[in-house]
1. Scan the range 88-135 residue by residue and report those that are touching a residue at least 40 places away in the same chain (Cβ under 8 Å) and farther than 21 Å from residue 200 by Cα.
2. Kindly check whether there is at least one residue in the range 168-182 that is at positive phi, modelled with pLDDT of 95 or more and in contact with a helix residue (DSSP H, G or I) (Cβ under 7 Å, 6 or more places away or on another chain).
3. Every residue in the range 145-154 that is in contact with a strand residue (DSSP E or B) (Cβ under 7 Å, 6 or more places away or on another chain) and free of Cβ contacts under 8 Å to residues at least 24 places away in the same chain, please.
4. So, residue 90, is that one outside any loop (DSSP other than H, G, I, E, B) and in the same structural domain as residue 193 (by TED's automatic domain parsing) or not?
5. Give the residue, chosen from 233, 223, that is surrounded by 22 or more Cβ atoms within 10 Å (Cβ to Cβ), assigned by TED's automatic domain parsing to the domain that holds residue 20, without any contact (Cβ under 8 Å) to a residue 40 or more places away in the chain and in contact with a strand residue (DSSP E or B) (Cβ under 9 Å, 6 or more places away or on another chain).
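The values are calculated or read from the model by the stated rules, or taken from the named source; none is laboratory data. Keep in mind the model is a prediction, meaning the values are calculated, not measured. Positions of Cβ are generated from backbone atoms using ideal geometry, with glycine treated the same way; all protein chains shown enter the neighbour counts.
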């Protein structure tokens, strides 16, 4: 039995299918990864690493600089298009939603919104690191999210007029339930039947916790990653192809089985 056949057979008997995606899936759409060599941002003669800019501390010290970088990043994300991996995930959601007694959820570390643009729904998608299309009050006068105005370099909260901040999880912050669904996602990890881990290095705590919870529960884990983390070897299958190549094949084969 091939690895794809093993995966399809497991999916067919699974009631709750979850996909966890990281920067690798969006790198296939041309979006630089934070940890890659192309993740640096050059302003004048200085090269900035994302870990220098993506912190609440830097925002408090240099909000203009941080917002300039996020305007640039938002432009990169807007110019990018979803790739076959994003569309395959959205297709899988639709297939499972139409099946009786099955559930699907997508957990993404990516802040580019490409999954939603490909057709994944907000109802089934947890953007655990936020979304660069939105901002919120830096003083948390409200939990509301707002679209980022295109004509403001230094946006302010529409409610209290304090500075607004990008709706992202920064390196010096921790996950919470209000914005990043830590309890909800942790609960998912305790009840899923098969987990796809796509294009992530598992360097952040919540994705790592989701994967380790699944492995400890002996749940089948499928890793799709040209640069494997090692968890695929402990799981059901490891595919070293790009997600845009293998994920559509898996979803298409699954569709044949359930129809």
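1. 95, 96, 99, 101, 102, 103, 133
2. no
3. Selection gives 145, 146, 147.
4. Spelling it out, residue 90 is indeed outside any loop (DSSP other than H, G, I, E, B) and in the same structural domain as residue 193 (by TED's automatic domain parsing).
5. Values: 233 fails: surrounded by 22 or more Cβ atoms within 10 Å (Cβ to Cβ).
Exactly one of 233, 223 is surrounded by 22 or more Cβ atoms within 10 Å (Cβ to Cβ), assigned by TED's automatic domain parsing to the domain that holds residue 20, without any contact (Cβ under 8 Å) to a residue 40 or more places away in the chain and in contact with a strand residue (DSSP E or B) (Cβ under 9 Å, 6 or more places away or on another chain), namely 223.
For (1) surrounded by fewer than 16 Cβ atoms within 10 Å (Cβ to Cβ); (2) within 19 Å of the chain's Cα centre (by Cα); (3) part of a loop (DSSP other than H, G, I, E, B), each residue gets a yes or a no:
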site: 57; (1), (2), (3): yes, no, no
site: 78; (1), (2), (3): yes, yes, no
site: 81; (1), (2), (3): yes, yes, yes
site: 86; (1), (2), (3): no, yes, no
site: 99; (1), (2), (3): yes, no, yes
site: 120; (1), (2), (3): no, yes, yes
site: 135; (1), (2), (3): no, yes, no
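Table: residues versus (1) in contact (Cβ under 8 Å) with a residue 60 or more places away in the chain; (2) closer than 26 Å to residue 51 by Cβ; (3) more than 16 Å from the chain's Cα centre (by Cα); (4) not in a strand (DSSP E or B).
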residue: 164; (1), (2), (3), (4): no, yes, yes, no
residue: 167; (1), (2), (3), (4): no, yes, no, no
residue: 184; (1), (2), (3), (4): no, no, no, yes
residue: 188; (1), (2), (3), (4): yes, no, no, yes
residue: 196; (1), (2), (3), (4): yes, no, no, no
residue: 202; (1), (2), (3), (4): yes, yes, no, yes
residue: 229; (1), (2), (3), (4): no, yes, yes, yes
